[in-house]
Every structure is written in structure tokens, then in C-alpha cells.
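Shown next, in C-alpha cells, is the structure this report addresses.
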Amino acid sequence: MSVPFRSVYNNDFTNITTCTWSAHPQASMPFSKEMLEETVREVAGYVDAHFLQLATGRVPWYRSKLYSMEAHRDWWCENYGVSPDHPIFTTGYHKYLLDGNDPLRDFIAYCRKYGQAAFVSMRMNDAHGLELADEYGNTRFANCISKFYVEHPQYRLSQEKGWYDRGLNWIHEEVRSSLLELIEEQCANYELDGFELDFQRHPRFFVESETTLSERVSVMNDFIGRVREILDRTALGGARRYLSVRIPCYLSMLEDCGLEPACFEALGVDMAVISDHYFTSMDMDFAAIAKRLESVSAFFEMCHTTFTGKHVGVDPGKPHYDCFTFRRTTPEQYRTYANQAYRNGAQGMYFFNFAYYREHGTEGRGPFSEPPFSVIGDCRDPKLVASLPQDYLLTPGWSCWGGPVQRVKGKNLPRVLKRDCAERFTMELYPQENAEPVTRLRLQTDEAIADQVFTASFNGVQLTPTADISEPFGEQYPPLLGTEQTLRAFTLPLSLIREGKNEITVTLTEGEDIRLIALNIAIC
């Protein structure tokens, strides 16, 4: 193992005050260092390394001399015509910084106190809030919109405002060097154990039609190599500082981004986090990417949700966040996917957005709960997760939001079932010993089933329908679970299941076309 970690926790920081929880029970409560300490303490004993995301990267949430919070506030107020007394600077994290505090220094101290390696995870091209960057009078997203972004519109990928349009174009050296300056400042001034380059926020860096694959790879390799040099040059006493990269989980998207895993070892990368954006998913190119990494440690990312639904409680004409319904990942699913990942070469697990089981965002998305922290500890043990009940849920996962980076090949779902057209799916399964001899295959559609009738086969054997559509482990988290109107089930003998890839065929034999959004097999 190239890094001494099995479980890694990514903390986006903003969850501390956007969520309702024991350290922040009321929205009106100001941010405090005690809240930050609690977010580190609550995972003590479960995680080996704690990665803190300081806002979106280009607005420093630490004591920066390159671009201080004081300078950011003054520029923001002048550029947008906002008073310095506006709540965006007199409350929350910004006030904490303006009062002379340093959340990054606090974080490192708490990680030392609770036995966790301290990393910064820096977002490389985060697009949150940038749709409002050019609107005079704007009072939103002061943590996202930087002076550099506003004053260099010529560096943007596009003048459009879509997620994959409004980031910065990395073909320009100025875009990359401005980030490198911030990275060097953090590495030089703080005793970090490592640094992560988050290429998943958000994974578009080039205008694909204007660059070749080799050009994109050359740019990214140069950038990663320069970060490795910074880490080595600023390390105290010659200690190894670990370099992590968080990357998309699809080979086709890695090409669009110019990220070549086979180059990472030579560039000095220690660990690569293979991510389905913010979903726990079994439908990714994890095994193929892990093989390319050679001695670089592969980490499998798992998140609080398996798929998302409709938006609720928002004005469709305005920018909105945290407004969609979402299906929570269950403890059984965490353990199942950890087992699957270990079988495919993972060194460890990486937990992203884990705090968001807690209440946050618009109304109508609950009920909420506390995160199942103990499952993080379970997933550290490959033997343990291989011995426990398995719950495989094949879902759409990351849709990639469309646009020029929608080159994801081989995704199983969603799938429109058409009359008499057999649709084939693959699921990778690893039944534990002493499992029950019979289980079920469940199908879930995104609209009510009326007169539709389905048949299903598993590895070429026709399955028998069953009326039992119940949740195999109970309704732990109700949002987006199937209902009598959207679920159908088939009896599945365990003897048909092979270790590794299995083929499922579903055919609509009667009724109108309908969209399939999930396949589920629980092995108890």
C-alpha cells in the first residue's frame, strides 16, 4: 500500500451550517470553531484521513496573503454594490475569517487531537454560483465567486451559464498558475499531511473540439507534476506529503478531462479517488481505472445517495441548490459496494457528502436522520464486508447533466423498456457464504405501472414472478423507495448467481413503453 489509509472522509465544510444537527441546531447560530471540532470528533475512530474542502477553492477560507478575506470583501462590495455590513460578511464563515480566525489551522489541530491525517481537498474548477458572477447587485455565493473569475471572462469555457460551460478553460496557463499559487501558499504555511486535487468539481477543463487528447493530457500532467514539486519542496523535515486526485469514474470522461491514470505514478500521485460525482454506484469503470493506476492506491468513493428525483420547493426560474429529492444509501449498500470495490483492487473507501443525511435544503425532501457513521468503520475491513448480507442496487447514478462531456459509455440505467424488446443489463455480484438459497430480483420504474407486464431472465434462465416486492432490509430511509405502483419482483435462486459479472434480461411483453430506473438484488 502506498498510503497508510483504509478509510477517508471528505468534509465539504459548508455542511456544518447548512445542515441541522447537534452542533448547529438552529439556522441563526453563528459558525464557531467548536462546530468545526465536532465535525472532526464525530468521525474519530472511523477514519484514517480527513479531507477538508475550503469553499470552492478560489476564495480562500484560510489566512491568505495572496487573496485575503478582507480583500475579497472589499472587492465584492465594490464590484456588486453591496454594503460591507451585509450578512454575507457579518455572519458565518466569512465573519469568522474577518475576525482574525483561521479555520484551516483549527482543522489541522483537531485532526491531530483526534488521530486523523489532515488534508486539504481543493476543487479545481467548481461551477457553483458562477451563473450569478456578472449580475450587479448579486448577494449570493460570496464563497464561490472570486475576483479572478469575474475579471477574466476571456478564460471561461463559454459565456453560457450551464454547469459545464461556466468553468474556466485550462488551456490558458494563467488559469492554472493562479491555482498553483494558492496551493503553494497552503502547503508552505500549514503542516498538512497531504493535498487533494479535486477534478470532479466540476469535470470539464477544456473545449474538447479545440484540443486533442494529447494536448489535454500534457496540460494536466504538467499541473499535477508541479503540485508534487510544491508538496516536496515545502515539506518539513523531508516527510512524505501525500498527493491525492479525485477523478471521474468513466474512462470516456477521463479522456475529455485529460486525466490519464497510467501517468499518475510517474507524476508522484499517491492515491486516486474514483468518483461517481456524489452517488454511491456500482455502474462505473472502477476496475478498469484501478488497473491503470499501477502502484497508486485506488479508493472507491461512496456517498449519501444512490439516485435523485424531482426538484421541490423552488422557483424554476431562479438558481437553486439542495432542492431535489434523493434516495439515501443504506448501511447494507455501503458494505456491499465496499466488498465489490475491494474485489476490484481498491485499497480503501472514500466517503463524500456523508453528513447530508441531516436536514438541509428545501422542504419536502425528508425525513432526515443522523448519518450512519459506524458503517465507515465496517468498510475498513475487507473480510467483514465480504461476510455480511449484500444489497446490490443498480441505478442511474450520475447523469453528467448532459452537454459536451456526456460521453459515458455502457451505463445500464435509466432505460426505456419498449414492447417485445429485450433489454440486457450487467450486475457484478459476490454472494457471501451461508446465504439464503433464494432471493429476489426487483425492478423499479419511475412512473406507475398500469397494464405493463414484464418477464426477466438471469444468466439465461427465465425467472418466476413473485408478489413480494418488500424492501429486503426494511424501509430505513423512505425517500424514493419503490411502491406497489412502481415495483415488480421475480424469484431468483442463488444457484444462478456467479461471482463477478451476471447478465439480466428484462422484456416488456404487454403495455406502453415505460422507463426503468433501478434493479435490486439483496443476498441475505
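Here are some notes:
- The range 1-98: C-alpha gyration tensor shape, a/c 1.5 cut-off, then a/b vs b/c: oblate
- Taking amide H as placed 1.01 Å from N in the peptide plane, residue 196 has its amide H under 5 Å from the amide H of 120, 121, 122, 244, each at least 5 places away in sequence or on another chain.
- If you plug the beta carbon distance of residue 188 and residue 435 into 1/(1 + (r/R0)^6) with R0 = 60 Å, you get a FRET efficiency near 0.65.
- Amide H contacts of residue 168 (H built 1.01 Å from N, in plane; Pro and chain starts excluded): 157 sit under 5 Å, all sequence-distant by 5 or more or on other chains.
- Ranked by the mean number of other Cβ atoms within 10 Å per residue, highest first, peptides 242-250, 371-379 order as 242-250, 371-379.
- A cut-off of 5 Å between modelled amide H atoms, ignoring neighbours fewer than 5 places along the same chain, links residue 305 with 280, 329.
- Phi-based couplings in Hz for the range 189-205 (Karplus 6.51, -1.76, 1.60; Gly and Pro marked x): 9, 9, 7, 7, 7, x, 9, 10, 9, 8, 8, 8, 10, 10, x, 9, 10
- The phi-based Karplus calculation (6.51 cos²θ - 1.76 cosθ + 1.60; θ = phi - 60°) puts the 3J(HN,Hα) values of the range 504-518 at 10, 10, 10, 10, 8, 9, 9, x, 6, 3, 8, 9, 8, 10, 7 Hz, whole numbers, x for Gly and Pro.
- Here the peptides 252-264, 493-505 are ranked by packing, the mean other Cβ count within 10 Å, and the order with the highest first is 252-264, 493-505.
- Global form of the range 76-130, assessed from the alpha-carbon gyration tensor, a/c cut-off 1.5: oblate
- In order along the range 71-87, the Karplus-derived 3J(HN,Hα) couplings, from 6.51 cos²θ - 1.76 cosθ + 1.60 at θ = phi - 60°, round to 5, 5, 4, 5, 5, 4, 5, 5, 6, 9, x, 9, 6, x, 8, 5, x Hz, and Gly and Pro are given as x.
- Every helix of 4 or more DSSP H residues in the chain counts as -39500 (n - 2.57), and over all residues that averages to -7000 deg cm²/dmol at 222 nm.
- Of the beta bridges in the chain, as assigned by DSSP with both residues counted there, near 55 percent are antiparallel.
- Length gained on full extension, residue 468 to residue 262, computed as 0.36 nm times the residue gap minus the Cα-Cα distance: 69.5 nm.
- Using C-alpha pairs under 8 Å with a sequence gap of at least 6, the mean separation divided by the residue count of the chain gives a relative contact order of 13 percent.
- Projected label distance in nm at residue 483 and residue 212, using a 7 Å step from Cα toward the beta-carbon: 5.6 nm
- Cβ crowding within 10 Å averaged over residues, with 23-32, 437-446 ranked highest first: 437-446, 23-32
- Residue 102 - accessible surface, heavy atoms, 1.4 Å probe, Å² rounded to 10: 20 Å²
The values are calculated or read from the model by the stated rules, or taken from the named source; none is laboratory data. None of these values were measured; they are calculated from a predicted model. As a convention, Cβ positions derive from the backbone with ideal geometry for all residues, glycine included, and neighbour counts pool all protein chains shown. These area figures cover heavy atoms from the full protein model, side chains too; ligands, DNA and RNA do not enter into them. Shrake-Rupley method; radii C 1.70, N 1.55, O 1.52, S 1.80 Å.
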